[in-house]
Amino acid sequence: MKAALIGADGELLHQARRPTGRDRGPEAVVAGIVDFAAELRAWGADRLGEPAAAAGVAVPGIVDEGRGVAVYSANLGWRDVPLRALLTERLDAPVAVGHDVRTGGLAEGRVGAGRGADRFLFVALGTGIAGAIGLDGRVEAGAHGFAGEIGHIVVRPSGLPCPCGQRGCLERYASATAVGEAWAAACGDPDADAADCAGAVEAGDVRARRVWREAVDALADGLVTALTLLDPRTLIVGGGLAEAGETLFSPLREAVRRRVTFQKVPSLVPAALGDTAGCLGAGLLARDLLAAGPPACGPSSPAAPSAAAPAAPTDPSEVTA
């Protein structure tokens, strides 16, 4: 878990990290999140003389952002957790709850690599692949909270089975996990990962280049499908696999260019915020609550800090956490 307290001008006032503690079960994870947020708010009150004015939290899995409910997370083992209600009661402040990749995309779109773009698509290549569809400064969640699940576009019909129940999903070929597994099998080292594969590609290893090319081709197929549907102005790629830099982006740009016909090729750029994007996005959600008007509960002074991750300023008199 990552948390931060920031000022209205974007100044980072305090940040902290701690283990999720998922080995202790879903109830302990939820309690840890609530306690962590409360401690962050208390830090602001003690050190800055005022508590945080709003909170933003970004969580993985299926999220009902409208109700503030963490519907399901396989990694954390929870179902239907009323996070917003729990945090609002504990913090006595307004709370926003968002999906981790969508909130990361929100940050990249507003203050990161997509800043200034009216339409963008953020794609995170990590354990799996997920995306965020940016429209005029906000991120589209979809009718049921599933928008942006680009990792489950089928790019290889009848291909590798995916835990979602389909075969041939993009994330089975182009996620950092998939590349690591393919390279481990190709080089015979069960501990090899995607970063090792990227290094071998740069060193000229023929096996690594084959693995990498297959991943890039699959990713290009998925991205062209997405840009055909969405027509983004900027395509932002982040996550662990993107840390390979131009080893990824040079062949990926070329592979996308070869596949388009009538479509406009967007600016394809690396994410700028790294692993702080989700935390920053949570702060933006908190900032949006303050910008929407006086909170229904908790502190109402516009100068009070707000409990969230780092956020972009909207009113210079406000401080956010």
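When the stretch 16-25 is examined, which residues are found to be over 21 Å from the mean Cα position of the chain (by Cα) and either part of a helix (DSSP H, G or I) or of a type in the set (A, V, I, L, M) (or both)?
Scanning the stretch 16-25 gives Asp23, Arg24.
Scan the stretch 251-294 for residues that are in a helix (DSSP H, G or I), open to solvent by 60 Å² or more (accessible area, probe 1.4 Å) and farther than 30 Å from Leu91 by Cα and report the count.
Residues that pass the stated criteria total 5.
Of the residues Leu273, Leu252, Leu230, which single one is of a type in the set (A, V, I, L, M, F, W, C), closer than 19 Å to Glu108 by Cα and modelled with pLDDT of 95 or more?
Every option except Leu230 fails the conditions.
What strands (runs of 3 or more DSSP E) completely inside the stretch 48-148 contain at least 3 residues that are crowded, with 20+ Cβ neighbours inside 10 Å and in contact with a Phe, Trp or Tyr (Cβ under 9 Å, 6 or more places away or on another chain)? Talk me through it step by step, then tell me what you get.
Working: elements: 55-59, 62-64, 69-73, 78-81, 95-99, 119-125, 129-135, 138-140.
Where strands (runs of 3 or more DSSP E) fall fully within the stretch 48-148 and carry at least 3 residues being crowded, with 20+ Cβ neighbours inside 10 Å and in contact with a Phe, Trp or Tyr (Cβ under 9 Å, 6 or more places away or on another chain), they are 129-135.
Can you spot a residue in the stretch 33-52 that is closer than 20 Å to Gly283 by Cβ and in contact with a Ser or Thr (Cβ under 7 Å, 6 or more places away or on another chain)?
Yes, the stretch 33-52 has at least one match.
If a residue must be in a helix (DSSP H, G or I), open to solvent by less than 20 Å² (accessible area, probe 1.4 Å) and in contact with a Lys or Arg (Cβ under 9 Å, 6 or more places away or on another chain), how many such residues does the stretch 160-188 contain?
So the count comes out to 2.
Read through the list (1) within 24 Å of Leu121 (Cβ to Cβ); (2) in contact with a helix residue (DSSP H, G or I) (Cβ under 9 Å, 6 or more places away or on another chain); (3) assigned to a helix (DSSP H, G or I), then give the number of the only condition that Thr228 fails.
The one condition Thr228 does not meet is (2).
Consider Val57 carefully, then state whether it is touching a helix residue (DSSP H, G or I) at 6+ places or on another chain (Cβ under 7 Å) and free of Cβ contacts under 8 Å to residues at least 60 places away in the same chain.
No; evaluated as a whole, the condition is false for this residue.
Would a scan of the stretch 32-39 turn up a residue that is within 22 Å of the chain's Cα centre (by Cα), modelled with pLDDT of 90 or more, loosely packed, with under 12 Cβ neighbours inside 10 Å and not hydrophobic (A, V, I, L, M, F, W, C)?
Checking the stretch 32-39: not a single residue is within 22 Å of the chain's Cα centre (by Cα), modelled with pLDDT of 90 or more, loosely packed, with under 12 Cβ neighbours inside 10 Å and not hydrophobic (A, V, I, L, M, F, W, C).
Right, Ala4: in contact with a Cys (Cβ under 8 Å, 6 or more places away or on another chain), open to solvent by less than 20 Å² (accessible area, probe 1.4 Å) and either modelled with pLDDT of 85 or more or among the hydrophobic types (A, V, I, L, M, F, W, C) (or both) or not?
Values: in contact with a Cys (Cβ under 8 Å, 6 or more places away or on another chain): yes; open to solvent by less than 20 Å² (accessible area, probe 1.4 Å): yes; either modelled with pLDDT of 85 or more or among the hydrophobic types (A, V, I, L, M, F, W, C) (or both): yes.
Taking the combined requirement at face value, the residue satisfies it.
Report every pair of residues separated by at least 6 positions or lying on different chains whose Cβ atoms are under 8 Å apart, first residue within the stretch 210-230 and among the aromatic types (Phe, Trp, Tyr), second surrounded by fewer than 20 Cβ atoms within 10 Å (Cβ to Cβ) and part of a helix (DSSP H, G or I).
Sorted first by the residue in the stretch 210-230, then by its partner, the pairs are Trp212/Thr247; Trp212/Pro251.
Looking at the stretch 180-189, is at least one residue in contact (Cβ under 8 Å) with a residue 40 or more places away in the chain and either under 15 Å from Pro60 (Cβ atoms) or over 13 Å from the mean Cα position of the chain (by Cα) (or both)?
No, the stretch 180-189 contains no residue that is in contact (Cβ under 8 Å) with a residue 40 or more places away in the chain and either under 15 Å from Pro60 (Cβ atoms) or over 13 Å from the mean Cα position of the chain (by Cα) (or both).
The values are calculated or read from the model by the stated rules, or taken from the named source; none is laboratory data. From a predicted model like this one, the values you see are computed outputs, not experimental measurements. FYI the Cβ positions are ideal-geometry reconstructions off the backbone, even for glycines, and counts take in every protein chain you see. For accessibility, only protein heavy atoms count, side chains too; no ligands or nucleic acids. Shrake-Rupley method; radii C 1.70, N 1.55, O 1.52, S 1.80 Å.
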